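The values are calculated or read from the model by the stated rules, or taken from the named source; none is laboratory data. Quick caveat: nothing in here was measured; it's all calculated off a predicted structure. FYI the Cβ positions are ideal-geometry reconstructions off the backbone, even for glycines, and counts take in every protein chain you see.
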Amino acid sequence: MPVESNTISAEYPYEENGYTLYSCATCPYAQRALRAFTMAGVPFRLVEIDLTNKPSWYHIVNPLQQVPTLRTPSGDILTESLIIAEYVADQFPAANLLPTSALARAKLRLFLQLFSTHIISAYYRVIRATADSMLAEKEKLLEGVRVINGALEKHWGEGDNEGPFWMGSRFAFAEVATASFVHLFRVVDYYCDGGFEVPDTKEYAAFRRWAGAIEADPAFTNVKPDDMKLIASYKRFRPE
Ligand SMILES: N[C@@H](CCC(=O)N[C@@H](CS)C(=O)NCC(=O)O)C(=O)O
């Protein structure tokens, strides 16, 4: 829940004695931080950064000029979406975003690493694909979906976790980190020749169940950007 404030320092705008999140609504990385704050119920000031016309002061906040960036009440600056989301989860443990055991945390990090390697990289390759490379890139993305499907099946098969989320019945850190990328399937579907759909077959069933639960959850719908705005923001990645 963003708080209203007019605090603008001599150099850049921030919330005195509070959190300031520099974000961009259509950035899937920034949504990780936004979702973590929203789910933790922590007040923060949201400063929207127009990535196509960045404010002159933004390099002072983040020399790489990327979003998300977090300014803490102590004036510390944190960057990198997963680090910011994990900081929020650790700082506000009542939100129960992360598992408590070291092993469960390690397995979660492995899952997120797998998701990044097999899904996030594949998306950007499909979105940038030319007519010649499109089919092969779409197949690689589907291969990635099968990897994640297998990881979900294995995870749910262990212990008494029946899903549909990584931690069971609750949208938590795994989904905070991945929901905005699940939403990117809409972008892939829109831009790619012949569209893109995860087939409704047994080998994708766990993934479809997980993605469906994510897209129906208020933690997703309360933060998600409008589909058409999201699609428009990816136009710059398409080959001419
Ligand atoms: N590894 C970074 C990646 C963040 C990132 O790539 N953000 C993009 C927007 S989605 C950005 O700020 N790009 C700078 C630009 O477009 O100039 C993170 O996880 O926070």
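Things worth noting here:
- One residue alone among Tyr124, Tyr58 is surrounded by fewer than 17 Cβ atoms within 10 Å (Cβ to Cβ), within 13 Å of the ligand (Cβ to nearest atom) and under 30 Å from Thr20 (Cβ atoms), and that residue is Tyr124.
- Gly144 loosely packed, with under 12 Cβ neighbours inside 10 Å and either more than 16 Å from the ligand (Cβ to nearest atom) or in a loop (DSSP other than H, G, I, E, B) (or both): no
- For the stretch 195-202, the criterion of a residue being assigned to a helix (DSSP H, G or I) and touching a residue at least 24 places away in the same chain (Cβ under 8 Å) is satisfied by no position.
Okay, residues lined up against (1) in contact with a strand residue (DSSP E or B) (Cβ under 9 Å, 6 or more places away or on another chain); (2) charged (D, E, K, R); (3) at pLDDT 95 or above; (4) surrounded by 18 or more Cβ atoms within 10 Å (Cβ to Cβ):
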site: Pro43; (1), (2), (3), (4): yes, no, yes, no
site: Lys54; (1), (2), (3), (4): no, yes, yes, no
site: Arg71; (1), (2), (3), (4): yes, yes, yes, yes
site: Gly75; (1), (2), (3), (4): no, no, yes, no
site: Tyr87; (1), (2), (3), (4): yes, no, yes, no
site: Pro93; (1), (2), (3), (4): no, no, yes, no
site: Ala102; (1), (2), (3), (4): no, no, yes, no
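- Considering the conditions (1) crowded, with 20+ Cβ neighbours inside 10 Å; (2) more than 27 Å from Leu141 (Cα to Cα), Ala30 is excluded by exactly one of them, (2).
- Checked against (1) farther than 21 Å from Pro225 by Cα; (2) free of Cβ contacts under 8 Å to residues at least 60 places away in the same chain; (3) in a helix (DSSP H, G or I); (4) away from the ligand (no atom under 12 Å from the Cβ), Phe111 meets all criteria but (2).
- Residue satisfying all of: in the stretch 39-54; more than 15 Å from Gly18 (Cα to Cα) and touching a residue at least 12 places away in the same chain (Cβ under 8 Å); farthest from the ligand (Cβ to nearest atom) among these: Met39
- Condition broken by Ala106, with the remaining ones in (1) more than 22 Å from Val223 (Cα to Cα); (2) more than 14 Å from the ligand (Cβ to nearest atom); (3) touching a helix residue (DSSP H, G or I) at 6+ places or on another chain (Cβ under 9 Å) satisfied: (3)
- Any chance Pro73 is outside the structural domain of Ala172 (by TED's automatic domain parsing) and touching a Gly at 6+ places or on another chain (Cβ under 8 Å): yes
- Taking residues in the stretch 168-193 that are closer than 16 Å to Lys140 by Cβ, and partners anywhere that are assigned to a helix (DSSP H, G or I) and polar (S, T, N, Q), not one pair has Cβ atoms closer than 6 Å while being at least 6 places apart or on different chains.
- In the stretch 61-99, the residue that is farthest from the ligand (Cβ to nearest atom) out of those that are in contact with a Ser or Thr (Cβ under 6 Å, 6 or more places away or on another chain) and within 27 Å of Phe111 (Cα to Cα) is Thr69.
- Taking the stretch 1-103 and the strands (runs of 3 or more DSSP E) fully enclosed by it, no element has 3 or more residues that are of a type in the set (A, V, I, L, M) and on the phi < 0 side of the Ramachandran plot.
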